[in-house]
1. Once you order the gyration tensor axes a ≥ b ≥ c over the Cα atoms, which shape class does the stretch 56-170 get: rounded for a/c under 1.5, otherwise prolate or oblate by comparing a/b with b/c?
2. Provide the gained length on full extension for the span Leu374 to His58, in nm with one decimal, where the gain is 0.36 nm per separating residue minus the Cα-Cα distance.
3. Where the centre of each part is set by its Cα atoms, how far does the stretch 283-321 sit from the stretch 444-472, in angstrom?
4. Any idea of Lys460's accessible area? Nearest 10 Å², probe 1.4 Å.
5. Name the residue farthest towards the positive end of the dipole of the stretch 183-239 from the options Trp205, Ile227, Tyr195, assuming +1 on Cβ of Lys and Arg, -1 on Cβ of Asp and Glu, about the Cα centre.
6. By how many nm would the segment from Val126 to Ser228 grow when fully extended, if each residue of separation counts as 0.36 nm and the alpha-carbon distance is taken off?
7. For labels at Arg478 and Ser83 in the simple 7 Å Cα→Cβ model, what's the distance in nm?
8. How would Phe81, Phe133 line up by accessible area, probe 1.4 Å, largest first?
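The values are calculated or read from the model by the stated rules, or taken from the named source; none is laboratory data. The shown structure was predicted, so the numbers you read here are calculated from the model rather than taken from an experiment. Reconstructed Cβ throughout: ideal geometry from the backbone, glycine too, with neighbour counts over all protein chains shown. Ligands, DNA and RNA are excluded from the accessible area calculation, which covers all protein heavy atoms including side chains. Shrake-Rupley method; radii C 1.70, N 1.55, O 1.52, S 1.80 Å.
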Amino acid sequence: MAFVHFFVLVLALAATQIPSQARSQDFQRLFQGFEASNLSYEDKRFLQTALAFEGQYHGLLDGAWGKISNQALGRYSQEEFGSDPEDWHMALLAWTLFERISQDGWDIRYFKGLGLSFLWPEASIVRDPNTDFFLNYRHANSSLSISYGIHTADVAQNFHDFTVRSHELGSNPYTVRKNNLAVSSATKRDGSTLYTRSDFVSGAWSTVMLSANERDGPVLGAVASSISKGRANSLEISNGGKLDHVIQQVVQAVELSENQKGNSPSNRTSTPKPVQQQSSGSGFIVSKLGHVLTNAHVVDGCSQIHVDDKPAKIVAISDEFDLALLRFDAPKDRGIAVFSASPAKLNSDVTAVGYPYAGLLGGLNVTRGSVSSLKGLAGELNTMQISSPIQSGNSGGPLLASDGEVVGVVVAKLNEQVVADALGDTPQNVNFAIRGEIAKLFLAQNSIDAKLSLDDEELKPEEIAELAASFTTFIECR
């Protein structure tokens, strides 16, 4: 991808231009040989998924890093960089998947009726007419088609027989036959692929059929590799983990290289000012006067605050609630968030909205999950636990119910590595949001009447995303 090639060039320049002071920041470690031992399960699965989309990885997206994963990364590094894998390669690889997620909304989705989970392009899926045995969809940005249904053994067998008969190459079609699993994959003369998988779930056969032309074979392969029984975790990287650290180090190295070039003797006419620390987060509009609700920690220590690139000021802040109220000159066409009049219920569906990894994903990010607990960490009463995946930069964004109404404010995720070190077990999707009732109380204390609704009519996922985009904001701390 051109995006990756650009960063390869800039990082190569950074490697030669970083001065001795910068080397004390340990950037040279980016160029050491790749080592998977310190990667978390989430990091490994994220990289496996990225390699699958690149057409290099042909195994399960299981977070188990072995020979197949190492060989896949080796091929990627040789093709992209002409060398054996180095730590910084995985940052560039992760960015390729960030791009796909930003553009198409790829994530692991659980299909309750099928009892299966697999990759799904939420933001770019198109519904096609149903047929007698399948619900049919296609990916708007590739030739990938996805069909799924629940069948008897005889009907499922017919689809596998059809797939095998479609094979037109000299080699045999790929097949797997087990008591509770059947897989068939055929390649036609033009290079296109037809893939069929059936899993025995709850007394019937859940069947997924995929097809794509030769160019989009890696996209089909990634989806096929992701199919698994039961509810699988969303794609994410561990906050504060090795992959997260390497990505941030690469960004810092590139930024430092750019700063050094800008401050070189040929470009400098005055004494350079120290580079200020910058951070970002999310927020959402809560009044027609341009009031924005976010977390207090998002704006902590900011000398300047910008909301959607416009100057903003702090109106009120509460360290106890970790909430802050800002105000900016909001465009008249921006929406205003509506709060749910009732609290979120246990196991209800929720959607987290925000701008994680600002500058990398480059757009609004939407993830779905459920309310895991009505209390926060150690029974804390101001927050609730959610399973919606969140990342750095999601803080302060709205948490929406299935009707698009605000039921919370995204605030934090549990540090998986700390828990793993303490308990020997890695928690999955343990994230937190400030309860909607606390947010409404904070607004009332600051003379803001939150818009409320008793309308519980459910919206389609894409309708929730469209609604959220109208009032969710990007916040920069400068």
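1. Working: a/c = 2.27, a/b = 1.68, b/c = 1.35.
Here the stretch 56-170 falls in the prolate category.
2. Extra length from Leu374 to His58 when fully extended: 109.7 nm.
3. Measuring centre to centre over Cα atoms gives 18 Å.
4. It works out to around 120 Å².
5. After comparing all options, I get Trp205.
6. Values: separation 102, 0.36 × 102 = 36.72 nm, distance 2.26 nm.
Roughly 34.5 nm would be gained on extension.
7. With each label point 7 Å from Cα toward Cβ, the separation is 3.5 nm.
8. Numbers: Phe81 40, Phe133 100 Å².
Sorted by accessible area, descending: Phe133, Phe81.
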